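The structure that follows is given in the form of structure tokens.
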Amino acid sequence: MTMPREGRAVDVAKILTIDVDAELRKLSTAQLQGPWQLPAELVRRSVGAGASRIEVRFGRKRVRVDDDGAALDPASLRALVSLLDPRVPRGDRHAALDSLENSGSIALLALAGLELDALSLTTAGADGRGHQLDLRRGKAPTLGAARRGAAPGTRIELSADGLDLGRARSWLADVTRFVGAKLVVDGAPAADGLRDYLVSAPLHLDFGARAPLRGHLAIPRSGDTPRLWILHHGVVVTHQGLTKAPTFEAILELGALVGPRSTAADLRELVAPALPRLADESVALMLQAAERLPQMGAAAQRRLLSLLLQAGRLGRRRRDIEQAPLVPCLVAHDEPHVWRSIAALREQARGEGGPAVIPALYPSQASGEVILGGGAVAILDAAARSMITELFGLRFRPPPRQLAQAGLGGRLRDLGDRLSDLVGSVAAALHLGVGPALPDAMLSKAERRLVEHLRAVIPSAGPDAPQEVVLCRGRGRVRQTRSAPRRLLLPRDNPEVRACVRAVAVDEAWVYPASVALLGGRGLPSTGARATWLRRSGA
């Protein structure tokens, strides 16, 4: 097409035609951080094709992905061939690029944008008919019919110098953690991320979007940060921490709800209206799991009780939490614990007359010499007692003991237990020392800002640096735990911690001196944080 201009013919098509190779590189870097992310994109393509089995094999500068999903359509294959062949006219290559971009074929675009040494692609339908694409460096790609009787599915095998297979393996494991048993890597089933949770359950939530929200709801074994994982065809696209919510994690598949040009921000915006429902559903999942408390281990029992009490503190399903049998109790010697609700324990206290006070032991205390008078003796740690008292007004006291028959050892144990009770009660009341960890949902905006910044810079402060940063109740000294995972415990009312909160609230550049001070000389934060501080301070 030409247009006359001042007596000259102008080739409009040539003016509007872009540098296709440059645009390919631009699209690849916009969608992928590097070639090492390509294997994960090939897995995403396989999941989107409905594969029930996906196998990835890594070799020297080589990766192969096999699946049993739907075959690639011929139009996409022809577009890929046009992009791989620099001899194809630029207008045709530009049309091929637009076609693959509009269809969301990021994996094929990335293949075309990678400097390949070789590529072999075979794809076939259930009838055994399909196509074979081959490419060798320096030669034109070829596209023809696959051999007769080819297995249904797609095999993509490629080799390239820039793959960085170490990073590719690591990235694949990270973003495909929820693909499940259908993924096999180098002959071994990939780790199933859903097995890492205390409890998980399928999610089917209708919240007014174009289709129901599907995925999983899970309760983590550790940590206090509610988190949202957003998947697109099985692969993690983005994740975000939530605030003012119970501790849960939602794994949401949005591949069927969004178009090919959707960004991570678009996906987060799409699920935002569903977050209150997800929070409520997470508490329902905890209550459902609590029905199996007697069959759980002690650590899981304490974790679930703590998370439900935190949810109650946020005002979610407090009455249901009060009525659920969450508290292990001793009612007879040499018999298993029974489980009572907080409401039942309050009724027991009323039946005994006086204020709502229940006899209780700490989990570490011996129970053999406790006098059982027909009522239940709760087995609770200091953190659980403090939250139950705060939420439901129920208080605890040491149970009576058979001191006359206990001998000197029993008397000493009783004295130690009573001192433990006293110290626990005083610490809970006055918040001395380092108390229970605070969930992120309970932090102020300034406190949360400090903690989030510290979590970003402190784990890189050296081999012995804390792996986690936690704000706690109390005003004792800042300290680090030694057992894994190493944690930096920041008492909320410690003067140094409060000063760091105020400083970072004014200017985030203060994260560097704050982290240096809180680490107490046991590591230095990242050079990036130091550079920001020096630039802002003018040093």
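Can you list the helices (runs of 4 or more DSSP H) lying wholly within segment 77-196 that have 3 or more residues being open to solvent by 50 Å² or more (accessible area, probe 1.4 Å) and within 15 Å of Leu38 (Cα to Cα)? Talk me through it step by step, then tell me what you get.
Numbers: elements: 90-102, 106-113, 165-175.
Where helices (runs of 4 or more DSSP H) fall fully within segment 77-196 and carry at least 3 residues being open to solvent by 50 Å² or more (accessible area, probe 1.4 Å) and within 15 Å of Leu38 (Cα to Cα), they are 165-175.
Which of the residues belonging to segment 214-225 are in a loop (DSSP other than H, G, I, E, B) and at positive phi?
Within segment 214-225, the first condition is being in a loop (DSSP other than H, G, I, E, B), and the residues that meet it are 220-225.
Of everything in segment 214-225, just one residue is in a loop (DSSP other than H, G, I, E, B) and at positive phi, namely Gly223.
Has segment 228-243 got at least one residue that is farther than 21 Å from Arg195 by Cα and modelled with pLDDT under 95? Break it down into steps so the answer makes sense when it comes.
Taking segment 228-243 first, the residues farther than 21 Å from Arg195 by Cα are 242-243.
From what is left, the residues that are modelled with pLDDT under 95 are 242-243.
Within segment 228-243, one or more residues are farther than 21 Å from Arg195 by Cα and modelled with pLDDT under 95.
Here is a further query. Taking segment 455-505 as the region of interest, how many residues are in contact with a Lys or Arg (Cβ under 8 Å, 6 or more places away or on another chain), at pLDDT 80 or above and acidic (Asp, Glu)?
Result for segment 455-505: 2.
Hey, could you check segment 463-486 for residues that are open to solvent by less than 30 Å² (accessible area, probe 1.4 Å) and under 14 Å from Ser444 (Cα atoms) and say which is nearest to the chain's Cα centre (by Cα)? Please lay out each step first, then the result.
Here is the first cut: in segment 463-486, the ones open to solvent by less than 30 Å² (accessible area, probe 1.4 Å) are 465-466, 469-472, 474, 476, 478.
Narrowing the set further to residues that are under 14 Å from Ser444 (Cα atoms) leaves 470-472.
Numbers: Val470: 17, Leu471: 20, Cys472: 22 Å.
The extreme case among them is Val470.
When segment 487-502 is examined, which residues are found to be over 29 Å from the mean Cα position of the chain (by Cα) and open to solvent by less than 20 Å² (accessible area, probe 1.4 Å)?
Asn494
Can I ask one more? What residue, among those in segment 272-322 that are among the polar types (S, T, N, Q) and more than 19 Å from the chain's Cα centre (by Cα), is modelled with the highest pLDDT?
Gln288
I'd like the full set of residues that are open to solvent by 30 Å² or more (accessible area, probe 1.4 Å) and part of a loop (DSSP other than H, G, I, E, B), limited to segment 226-257.
His233, Thr243, Lys244, Ala256
Filter segment 203-213 for residues that are free of Cβ contacts under 8 Å to residues at least 12 places away in the same chain and in a loop (DSSP other than H, G, I, E, B); which is least open to solvent (accessible area, probe 1.4 Å)?
Filtering segment 203-213 for residues free of Cβ contacts under 8 Å to residues at least 12 places away in the same chain gives 204, 206, 212.
When the remaining residues are screened for being in a loop (DSSP other than H, G, I, E, B), the result is 206, 212.
Numbers: Asp206: 103, Pro212: 47 Å².
My answer is Pro212.
Condition check ((1) surrounded by 12 or more Cβ atoms within 10 Å (Cβ to Cβ); (2) at pLDDT below 90; (3) over 38 Å from the mean Cα position of the chain (by Cα); (4) of a type in the set (S, T, N, Q)) across all residues:
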residue	(1), (2), (3), (4)
Asp11	no, yes, yes, no
Val20	yes, yes, no, no
Leu27	yes, yes, no, no
Pro35	yes, yes, no, no
Leu38	yes, no, no, no
Val43	yes, no, no, no
Ser46	yes, no, no, yes
Ala49	yes, no, no, no
Gly59	no, no, no, no
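The values are calculated or read from the model by the stated rules, or taken from the named source; none is laboratory data. All values reported here derive from a predicted model rather than from experimental measurement. When we count neighbours, we look across all protein chains shown, and the Cβ atoms used for this are built from the backbone with ideal geometry, even at glycine. In case anyone asks, the SASA skips ligands and DNA or RNA and just uses the protein heavy atoms, side chains included. Shrake-Rupley method; radii C 1.70, N 1.55, O 1.52, S 1.80 Å.
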